[in-house]
Amino acid sequence: MVRDLARAGIRDARVLEAIASVPRHRLLPEAMWEQAYAIAALPIGDGQTISSPEVVARMTEALELAGSEHVLEVGTGSAYQAAVLARLADRVVSVERIPRLAARARRSLDALGVTNVVVYLGDGSLGRPAEAPFDAIVVTAAGPRVPPPLLAQLAPGGRLVGPFGERGRQELLRIRKQADGRLVRERLGACRFVDLVGQHGWAA
Ligand code: SAM
């Protein structure tokens, strides 16, 4: 799988190592273990998906983590992305809106021995003001626009990466907050994610 990711253009060796070290099958129901290492998104129930390893690699690479960061993830899902981030950052705060997925993600992370990720149940489009600022924010579900609370909770020098745009077709964006608070946007390519549902996303 890691060879496929390198071939697909993922260059950051730390990201490739982190992906290689996470047993993706352990974040999926046993019936799906055979497909676990395909470069594809897979269903995890409740109409949601575990992101493709390529998408996780691209988004993680775009966050430019050095190891000391306090990271916010919006959309825990299976906890696959969270488990990868846990290997590359100091602490990860992850928010999931579906109770069953949040509970399963906590159990999966415990079973993997991941101790630097905390999963909260709630509307991640509001961020997590009590734990802000964040050095990096990754949004793993797509909303019509970048939620303003997330931009407010990004530290100076921080990066936010996520998909934004129309339903079913979005642009992956990276937004850097400069030291003076100015926001600089970069387009990282077309993508397609499940809906970000919440106050600053789509209506349920
Ligand atoms: N990061 C996940 C992984 O590695 O499995 C992929 C998650 S899936 C593509 C997107 C997730 O975002 C779903 O679990 C969905 O329930 C969640 N979600 C959607 N809107 C949300 C919101 N406002 N707050 C928190 N989670 C949300």
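The values are calculated or read from the model by the stated rules, or taken from the named source; none is laboratory data. This one's a predicted model, so the numbers in the text were calculated from it and none came from an experiment. Backbone-built Cβ (ideal geometry, glycine too); neighbour counts: all protein chains shown. Ligands, DNA and RNA are stripped out before the accessible areas are found, and what is left, the full protein with its side chains, is counted by its heavy atoms. Shrake-Rupley method; radii C 1.70, N 1.55, O 1.52, S 1.80 Å.
What to note about this one:
- Taken over the range 2-191, the ratio of Cα radius of gyration to 2.2 N^0.38 Å equals 0.95.
- Take every Cα pair under 8 Å whose residues are at least 6 apart in sequence, average their separation, divide by the length of the range 63-132, and the relative contact order is 34 percent.
- Length-normalised contact order of the chain in % [C-alpha pairs under 8 Å, at least 6 apart]: 15 percent
- Pairwise label distance in nanometres, Asn116 with Trp33, each label 7 Å out on the Cα-Cβ vector: 2.9 nm
- The slack in the chain from Arg100 to Gln199, taken as 0.36 nm per residue of separation less the alpha-carbon distance, amounts to 33.6 nm.
- For the range 2-191, accessible area per residue (1.4 Å probe, heavy atoms of protein chains only), Å²: 44 Å²
- Sulfur and carbon atoms: percent of accessible area, the range 15-148 [1.4 Å]: 52 percent
- Residue-wise HN-Hα coupling along the range 16-23, computed from phi with Karplus coefficients 6.51, -1.76, 1.60 (Hz; x: Gly, Pro): 4, 5, 5, 5, 5, 8, 9, x
- Proximity of backbone amide H atoms, modeled 1.01 Å from N, is registered between Ile137 and Leu72, Arg159, Leu160, Val161 at under 5 Å, excluding neighbours fewer than 5 places apart on the same chain.
- Placing unit charges on the Cβ atoms only, positive for Lys and Arg and negative for Asp and Glu, gives the range 2-191 a dipole magnitude near 240 debye about its Cα centre.
- Length-normalised contact order of the range 1-80 in % [C-alpha pairs under 8 Å, at least 6 apart]: 32 percent
- Gyration tensor verdict on the range 85-204 (Cα atoms; rounded if a/c is under 1.5, prolate if a/b is larger than b/c, oblate otherwise): oblate
- Normalised radius of gyration (Cα atoms, divided by 2.2 N^0.38 Å) for the range 141-204: 1.11.
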